[in-house]
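To start, the structure itself, in structure tokens.
The values are calculated or read from the model by the stated rules, or taken from the named source; none is laboratory data. Since this is a predicted model, take the numbers as computed values, not measurements. Cβ coordinates were reconstructed from backbone atoms using ideal geometry, including for glycine residues, and neighbour counts include every protein chain displayed.
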Amino acid sequence: MTTSTNLGELFDPTQDRGQLAFVGLDAHLTETACTYGELDDLANAVARGLTKRGYSQGDRIAILAANSVEFIAVILGIMRAGLVAVPINYRFPKELIQFVATDSGARLLFCDEDHAAAAPDGVERIGLTRSGAGSLADLLDHGPFVAFAPTANEPALILYTSGSTGRPKGVVLSHAAHLWTAQTRREREPLTSERVLIAAPLYHMNALALAFLALTSRATTVLLWQFSAIPYIRAIDRYRCTWLTAVPPMIAMMLRERETLTTADLSSVHVIRMGSAPVSESLLKQIRTLLPNARVMNAYGTTESGPVTFAPHPDGRPTPPPALGTAHPKVQLRLRDQAGAIGDKGVLEIKSPALMNQYHNRPELKAVFTADGYYVTGDVFHRDGDGFYSFVGRRDDMFVSGGENIYPGEVEAVLEHHPAVAHACVVPIDDDIKGQKPVAFVVLRAGTSPSEDDIKAHALDHAPAYQHPRRVWFVDALPLASTQKIDRSKLKAEAAARLHG
């Protein structure tokens, strides 16, 4: 653990420099091992190289890449140099990647080979490998480095998250907020003796916050380039991983790989921290069969407020499924109903040192903070008599598909951009793997006759792949409820009937 105020210095570089920090695994399961000493040296070399090139405090430096040891070193080096790291979701289509780069004001992009074709125009690029022309070798300046000392709320990261407004929102996160997050989590979830497995993308809060926790705990982390069920199973078996973080679709996909599971030893796993979506009772039973030694923790967090929200009951009472826990002792929570009253059911509001500074370049979105400093999550919870919080649903129509938040209005706007589409409504249907997935009802413009595949292709070209509707049905009109708004409940029922009727 370090006393630095810079998020790029999460660990003491003088302590046991030979200890293994990361084992990176690429798509071929080729291993890249990195000790804490090597990681510290590489992060310093990145920081020195960026400083030598003349980047100034607060400049934005973007990263477009799959998970790797180099990704971790670069993000640490960016922050040590007093610059702001902007990991970009590589699942965005190129036009959204370009938007993020432009909106953030990125002056430099670190990009791996697999995502070079999607790299934004007009931004200098460095390859995220350690050799070859245009690679890290051209930037690294080896030697000691004195990290930038941030002031209060000095930004360290901007993470872009999709929202109902139709374009990604840049969540500005400070050094202080996420040092507090890592250190506070370490008090309750010390990973010091664990072998952690990360497969979720590092552009998401879930994986990035876990990587920070592992570093401040001086754990050893196995880092997959991305999630794929068979490599995930093999990594647990090969490296005897003990601590997993996952979302329900990841586990559901693991369960389908029966042949691989029969030859894998997963007995080392004793903790699974589940996030992004509630775990169904049926999936929980399957997890207990697959991983009988593992304790399943339901987790909750948002990019804007971080992963420190709930904790075990202070009296030691077991958390009843599907509750997430009681209020963390260092976090203030309250539930506000539609009438504005504070009570036991309503939209969750959070106040803690982990809250974001603001949305980048989005002054119109200040309403997400209350006058007394709470962040309004938009997620509805219920609190029982023992203080346990359970997730009820989204305040609006948002749903979660494979760990990704999907706002129907955002997808509808994309569909309605198609010249043949007059009106569209997107609703979720249940799915064994994704939890839920989007389908669409579309009213066509007169004289047009696109196919279902035409509409799907348009969505794939203009939005992240996870948002595209898996089925498209053409209708003469969309039903209206008594409020004169589209009757989404009726369309959900009709979608289910069309698929299963």
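Evaluate the following for Ala440: is it within 22 Å of Asp487 (Cβ to Cβ), in contact with a Cys (Cβ under 8 Å, 6 or more places away or on another chain) and in contact (Cβ under 8 Å) with a residue 12 or more places away in the chain? Even if it seems obvious, please write down each step before you answer.
Values: within 22 Å of Asp487 (Cβ to Cβ): yes; in contact with a Cys (Cβ under 8 Å, 6 or more places away or on another chain): yes; in contact (Cβ under 8 Å) with a residue 12 or more places away in the chain: yes.
Yes; evaluated as a whole, the condition is true for this residue.
So, in the range 228-253, of the ones that are small (Gly, Ala, Ser) and touching an Asp or Glu at 6+ places or on another chain (Cβ under 7 Å), which residue ends up farthest from Asp431 (Cα to Cα)? Before you say what the answer is, go through the steps one by one.
Step one: filter the range 228-253 for residues small (Gly, Ala, Ser), giving 228-229, 235, 246, 252.
The next check asks that each one be touching an Asp or Glu at 6+ places or on another chain (Cβ under 7 Å); those that pass are 229, 252.
Numbers: Ala229: 17, Ala252: 10 Å.
Looking at residues that are small (Gly, Ala, Ser) and touching an Asp or Glu at 6+ places or on another chain (Cβ under 7 Å), I get Ala229.
What number of residues within the range 105-137 satisfy the criterion of being among the aliphatic types (A, V, I, L, M) and in a loop (DSSP other than H, G, I, E, B)?
Taking the range 105-137 as the starting set, the residues that turn out to be among the aliphatic types (A, V, I, L, M) are 106, 108-109, 116-119, 123, 126, 128, 133, 136-137.
Pick out the ones that are also in a loop (DSSP other than H, G, I, E, B) and you get 119, 123, 128, 133.
Looking only at that region, the number is 4.
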message: I'm checking my understanding of the structure. Among residues of the range 236-257 that are under 21 Å from the mean Cα position of the chain (by Cα) and part of a helix (DSSP H, G or I), which one is surrounded by the fewest Cβ atoms within 10 Å (Cβ to Cβ)?
response: Met253
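Working only within the range 384-401, note down all residues that are outside any strand (DSSP E or B) and either farther than 27 Å from Ala252 by Cβ or touching a strand residue (DSSP E or B) at 6+ places or on another chain (Cβ under 7 Å) (or both).
Pass one, the range 384-401, residues outside any strand (DSSP E or B): 384-388, 395-398.
Once the filter is applied, which keeps residues that are outside any strand (DSSP E or B) and either farther than 27 Å from Ala252 by Cβ or touching a strand residue (DSSP E or B) at 6+ places or on another chain (Cβ under 7 Å) (or both), the range 384-401 yields Asp384, Gly385, Asp386, Gly387, Phe388, Arg395, Asp396, Met398.
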message: Kindly evaluate Thr377 against the criterion of being touching a strand residue (DSSP E or B) at 6+ places or on another chain (Cβ under 9 Å), among the polar types (S, T, N, Q) and surrounded by fewer than 16 Cβ atoms within 10 Å (Cβ to Cβ).
response: no
query: What residue, among those in the range 179-194 that are in a loop (DSSP other than H, G, I, E, B) and not charged (D, E, K, R), is farthest from Gly306 (Cα to Cα)?
result: Ser193
- prompt: Of the residues that make up the range 370-387, is at least one farther than 17 Å from Ala327 by Cα and among the aliphatic types (A, V, I, L, M)?
  reply: yes
- line: Leu197 vs (1) touching a residue at least 60 places away in the same chain (Cβ under 8 Å); (2) part of a strand (DSSP E or B): all pass except (1)
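Would a scan of the range 138-156 turn up a residue that is part of a helix (DSSP H, G or I) and surrounded by 18 or more Cβ atoms within 10 Å (Cβ to Cβ)? Talk me through it step by step, then tell me what you get.
At the first step, the residues of the range 138-156 found to be part of a helix (DSSP H, G or I) are 138.
From the residues that got through so far, the ones that are surrounded by 18 or more Cβ atoms within 10 Å (Cβ to Cβ) too are none.
Checking the range 138-156: not a single residue is part of a helix (DSSP H, G or I) and surrounded by 18 or more Cβ atoms within 10 Å (Cβ to Cβ).
Go through the range 215-235 and report how many residues are part of a helix (DSSP H, G or I) and among the charged types (D, E, K, R).
1
Does Ala176 qualify as being surrounded by fewer than 22 Cβ atoms within 10 Å (Cβ to Cβ), in the same structural domain as Leu64 (by TED's automatic domain parsing) and assigned to a helix (DSSP H, G or I)? Can you show your working first?
Numbers: surrounded by fewer than 22 Cβ atoms within 10 Å (Cβ to Cβ): yes; in the same structural domain as Leu64 (by TED's automatic domain parsing): yes; assigned to a helix (DSSP H, G or I): yes.
Against the criterion (surrounded by fewer than 22 Cβ atoms within 10 Å (Cβ to Cβ), in the same structural domain as Leu64 (by TED's automatic domain parsing) and assigned to a helix (DSSP H, G or I)), Ala176 qualifies.
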statement: The residue from Thr216, Thr220, Thr245 that alone is outside the structural domain of Leu159 (by TED's automatic domain parsing), of a type in the set (Ser, Thr, Tyr) and without any contact (Cβ under 8 Å) to a residue 60 or more places away in the chain is Thr245
